[in-house]
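Student: Before I ask anything, let me first share the structure, which is written out below as structure tokens.
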Amino acid sequence: MQSNLVLIGMPGSGKTKLSYALSQSLGLLAVDTDIMVEVAAGKPIPQIFAEDGEQAFRDLESEAVRQASALEGAVIATGGGVVLRPENMEALRETGIVFFRDRSLSAIAAEDHSGRPLVGDNPERLKTLYAQRAPLYRKYAHHIVAHTDTLEEAAQIISDIYQEECQK
Ligand code: S3P
């Protein structure tokens, strides 16, 4: 059974873009739990938060994680808050190799966060989120990818480790 390749990290750390790059270079299917949640809910994430609340979003996210974890050899991009529920991470770690891209906060802050209800237009929120979550990202990652200047460099590092692990 081929392991999944799981990407965790802060909102704006480039998980989705990385998943596309890795899916192309490794020839694997890419899935994104945020997109799975939006499809299941039939509406975009900001609307789910506004109309149904964060807990409803987290429940949908846990279901998306359960489904994604059942795949084989997929690249799975996750939402930044996936680490908040231990059961999510147990499921993802069970069938996948988990990578935390620890991109610098200044690079993350320069991204567009308008579609992210927990960050929005307040970059200070990013610092608080990072302080709360960095220990969780570190705890649940099999591999931590330190800041790289480009996404391509991060993709190369992750791809090399993944291929090496799959050969073991
Ligand atoms: C969230 C991050 C978002 C999305 C939702 C909640 C979070 O995903 O799942 O808005 O709690 O950090 P990205 O990390 O892809 O922005």
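Student: Would you work out if the chain is rounded, prolate or oblate? Take a ≥ b ≥ c from the square roots of the eigenvalues of the alpha-carbon gyration tensor; rounded if a/c is under 1.5, else prolate when a/b is larger than b/c, oblate otherwise. Please list the in-between numbers first.
Tutor: Working: a/c = 1.69, a/b = 1.22, b/c = 1.38.
Verdict is oblate for the chain.
Student: To the nearest 0.05, how large is the calculated FRET efficiency for GLU54 and LEU29 if R₀ is 41 Å and r is the Cβ-Cβ distance?
Tutor: 0.90
Student: From the helices alone, meaning DSSP H stretches of at least four residues, give me the mean residue ellipticity at 222 nm for the chain, per-run term -39500 (n - 2.57), in deg cm²/dmol to the nearest 500. Could the numbers behind the result be given before it?
Tutor: On the way: 8 runs with 95 residues, N = 168.
Dividing the helical sum by the residues of the chain leaves -17500 deg cm²/dmol.
Student: Same structure again: Can you give me the relative contact order of the stretch 37-168 as a percent, contacts being Cα pairs under 8 Å and 6 or more apart? Don't jump to the answer; show the numbers that get you there.
Tutor: Numbers: 101 pairs, mean separation 30.7, N = 132.
Reported relative contact order: 23 percent.
Student: Let me ask something else about it. Determine, from the Cβ-Cβ distance of GLU124 and LYS17 and an R0 of 25 Å, the FRET efficiency 1/(1 + (r/R0)^6), rounded to the nearest 0.05.
Tutor: Values: r = 24 Å, r/R0 = 0.98.
Calculated transfer efficiency: 0.55.
Student: Taking the alpha-carbon centroid of each part, what is the distance from the stretch 1-76 to the stretch 91-168 in angstrom?
Tutor: Centre-to-centre (Cα) distance: 14 Å.
Student: Just add up the charged neighbours of ALA110: K/R +1, D/E -1, any other residue whose Cβ is under 13 Å from the Cβ of ALA110.
Tutor: Numbers: positive: ARG103; negative: GLU111, ASP112, ASP149.
Neighbourhood net charge equals -2.
Student: Sticking with this structure for a sec: Classify the stretch 32-74: rounded, prolate or oblate, from the alpha-carbon gyration tensor (a ≥ b ≥ c, eigenvalue square roots; a/c under 1.5 rounded; otherwise prolate if a/b is larger than b/c)?
Tutor: Since a/c reaches 1.5 and a/b is larger than b/c, the shape of the stretch 32-74 is classed as prolate.
Student: Which FRET efficiency value, to the nearest 0.05, is calculated for GLN132 and GLU153 with the Förster distance at 25 angstrom and r the Cβ-Cβ distance? Walk me through the numbers before you get to the answer.
Tutor: Values: r = 27 Å, r/R0 = 1.09.
That pair, GLN132 with GLU153, gives E of 0.40.
All of the numbers you see were taken from the coordinates with simple rules; none came from a lab. Nothing here was measured: the structure is a model prediction, and the numbers come from that model. Note that each Cβ is placed from the backbone with ideal geometry, even for glycine, and that neighbours are counted across all protein chains shown.
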